[in-house]
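Chemist: The following block contains the structure, expressed as structure tokens.
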Ligand code: SF4
């Protein structure tokens, strides 16, 4: 599953990394959400590939984002 975060519009609310801490984390510099390093796509902190066992929580995080900036699509 491919995941993308529109980081420019992140409000740093923390919902995604609370819902799915194995995949999302807070960037220490700008405080916005980013993909954990091991799941990043081409080193892009705003894009990643979720393994099957994390698809449910990543989808949960995307559905719970108050500004709907996490996009998921089947790969
Ligand atoms: S849930 Fe959305 S707005 Fe909140 S930290 Fe995550 S990406 Fe940013």
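Chemist: Size of the chain along its principal axes in angstrom, Cα-based, largest extent first?
Modeler: 28, 25, 17
Chemist: For each of 67, 3, 72, 58, count neighbouring Cβ atoms within 10 Å of the residue's Cβ, then give the residues from fewest to most.
Modeler: Sorted ascending by nearby Cβ count, the order is 67, 72, 58, 3.
Chemist: How would you rank 57, 10, going from fewest to most other Cβ atoms within 10 Å of each one's own Cβ?
Modeler: Neighbour counts put them in this order, fewest first: 57, 10.
Chemist: Quick check: Cα centre of the range 45-65 to Cα centre of the range 1-28, how many Å?
Modeler: About 9 Å separates the Cα centre of the range 45-65 from the one of the range 1-28.
Chemist: Do the sum for the chain: with -39,500 (n - 2.57) for every DSSP H run of n ≥ 4, divided by all residues, what is the mean residue ellipticity at 222 nm, to the nearest 500 deg cm²/dmol?
Modeler: One gets -5000 deg cm²/dmol as the mean residue ellipticity at 222 nm.
Chemist: Continuing with the same structure: Out of 63, 53, 18, any idea which swings most in a Gaussian network model of the chain, alpha carbons joined below 10 Å?
Modeler: 53
Chemist: With springs only between Cα atoms under 10 Å, which of 37, 52, 26 fluctuates most in a Gaussian network model of the chain?
Modeler: 52
Chemist: Next up: On full extension of the chain, what length is gained from residue 63 through residue 37, given 0.36 nm per residue of separation minus the C-alpha to C-alpha distance?
Modeler: Additional length available on full extension: 7.2 nm.
No lab work stands behind these numbers, since they all come straight from the coordinates. Note that the coordinates shown come from a computational prediction; the quantities given were computed from them, not determined experimentally. Heads up, the Cβs are rebuilt from the backbone with ideal geometry, glycines too, and the neighbour counts pull from every protein chain shown.
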